[in-house]
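Read through the structure below, which is laid out as structure tokens, and then see the notes.
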Amino acid sequence: DVIEEDAENEEDAKAIAQETVVHEVGHYFGLSDEEMEEWEAGGWRE
């Protein structure tokens, strides 16, 4: 998907981009999709 197509506005696009970067950095450090989902669900932004 393209961020601009999924986002409703600029703020939403920034949030999607941030989530994507954090997710991919997690993969870089060896985390699986399941581990990333658990980490993201745990409120990593708070």
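Every read-out reported here was derived from the displayed coordinates using simple, explicitly stated rules and does not represent laboratory data. Keep in mind it's a predicted model, so treat the numbers as computed, not measured. Every residue, glycine among them, receives a Cβ derived from its backbone with ideal geometry; neighbour counts consider all protein chains shown.
With the simple model of a label 7 Å out from the Cα in the direction of the Cβ, Asp6 to Tyr28 spans 1.9 nm.
Using equal-weight Cα scatterers in the Debye expression, the normalised intensity of the chain in log10 at q = 0.13, 0.15 Å⁻¹ is -0.32, -0.42.
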